[in-house]
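Participant: Pasting a structure here, questions to come.
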Amino acid sequence: MPFARSEATKPSPASQRIEALSAFESLEAAASLRSSQTACQRKLPGQSHNVAYLNNRFMKTPTRQEALNYLSGAEKRNPGPWIAHSRHVAEAAEAIAARHPRMEPEAAYILGCLHDIGRQDKERGIRHILTGYRFFRARGYEDAARICLTHSFPIKDASASASPWDGTEEEFRFLEDYLARTDYDDYDRLVQLCDALALPTGFCLIEKRLVDVALRYGFNGLTLPKWKATFELQREFEAAIGRSIYSVLPGVVENTFGFSPGR
Ligand SMILES: [Fe+2]
């Protein structure tokens, strides 16, 4: 990307986005960005994917409609509660990102929607992260692929999955290496957080979801550090949006405690 220049002549971040997008896509796309100095995500004419400018780089994702199509196709292959969970992760990610100073809600929705796509191959254990990663890498969606792998690891330890490892030794070594050399961005961390507050029935208190997972899979030596990392994510995003994450997620009380406030 063309950003090597002196501070004295450095253009504004918005101008940089437009200039870089010109190089990356087309002049027509750059013109569409000029209509908004803050917008940095567009479904471009004639394209079947979104391009977002994030963290000094471009992110190419499927469109929102394509993401929903991937999920409905996955539901046909392997129906189950994971589909509704994925939709709620997407909605939570969008709601939080909409109030975040650095994030694009559309990209957050799409990446949240697709994080568990590996389950379409009837993967019931942690190996779904690998099948999801391969699925999106094969389609050129590197960020969606990465989040398929990272969403289960608020701590960068390949042994930290809730369910027992069900892949091969080689796949485990790949995951270890991948986590070690990958810097998480806001989207990795947001999907990790939202994965921990979305039941198939809706949004809930993080504590409820963590206990729900522990009841199904039990504890290991990394369960507690993982829980602490999840609460650290909650603190990080609440600081960024300036309010409780639960204040932007409708139905948390009903879904956590089984009653409607005021009734
Ligand atoms: Fe998930």
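Quick note: the coordinates plus some simple rules give every number you see, no bench work behind them. All figures in this text were calculated on a predicted structure; none of them were measured in a lab. Because the Cβ atoms are built from the backbone with ideal geometry, glycine has one as well, and the counts that use them run over all protein chains shown.
Participant: What do you get for Rg/Rh of segment 63-257 when both radii come from the Cα atoms and Rh is the Kirkwood radius? Mind showing how you got there, number by number?
Facilitator: Numbers: Rg = 15.4 Å, Rh = 16.6 Å.
That ratio equals 0.93.
Participant: Give the Debye-formula value of log10 I(q)/I(0) at each listed q (0.20, 0.23 Å⁻¹), with one equal scatterer per alpha carbon of segment 174-263, two decimals each.
Facilitator: -1.08, -1.27
Participant: Using the number of other C-beta atoms within 10 angstrom as an exposure proxy, rank Thr61, Thr168 with the fewest first. Working shown, then result.
Facilitator: Values: Thr61 27, Thr168 11.
Ordered by Cβ neighbours within 10 Å, fewest first: Thr168, Thr61.
Participant: At a temperature of 20 °C and a viscosity of 1.002 mPa s, determine how fast segment 118-168 diffuses translationally according to Stokes-Einstein, using the Kirkwood radius over alpha-carbon pairs as Rh; express D in µm²/s, rounded to the nearest whole number. Walk me through the intermediate numbers first.
Facilitator: Details: Rh = 11.0 Å.
Reported coefficient: 194 µm²/s.
Participant: Follow-up question, since we're still on this one. What translational D, rounded to a whole number of µm²/s, comes out for segment 67-122 from Stokes-Einstein when the hydrodynamic radius is the Kirkwood one over Cα pairs, at 10 °C and 1.306 mPa s?
Facilitator: On the way: Rh = 11.3 Å.
Result for D is 141 µm²/s.
Participant: Same structure, new question: Please list, ordered by chain and number, the residues whose modelled amide H lies under 5 Å from the amide H of Asn50; skip anything fewer than 5 residues away on the same chain.
Facilitator: Thr61, Thr63
Participant: Hey, could you pull the Cα Rg and Dmax for segment 161-208, both in Å?
Facilitator: 14.0, 36
Participant: Moving on. Please state the shape class of segment 80-192: rounded when a/c is under 1.5, otherwise prolate if a/b exceeds b/c and oblate if not, all from the C-alpha gyration tensor.
Facilitator: Details: a/c = 1.80, a/b = 1.41, b/c = 1.27.
Prolate shape, in that a/c is at least 1.5 and a/b is the bigger ratio.
Participant: On to the next question. Once you have the Cα-Cα distance between Asp121 and Arg134, take 0.36 nm times their residue separation minus that, and quote the gain in nm to one decimal.
Facilitator: Residue separation times 0.36 nm, minus the Cα-Cα distance, leaves 3.5 nm.
Participant: Using a simple spin-label model with points 7 Å from Cα along the Cα→Cβ vector, what separation in nm is obtained for Phe174 and Ala214?
Facilitator: According to this spin-label approximation, the distance is 3.2 nm.
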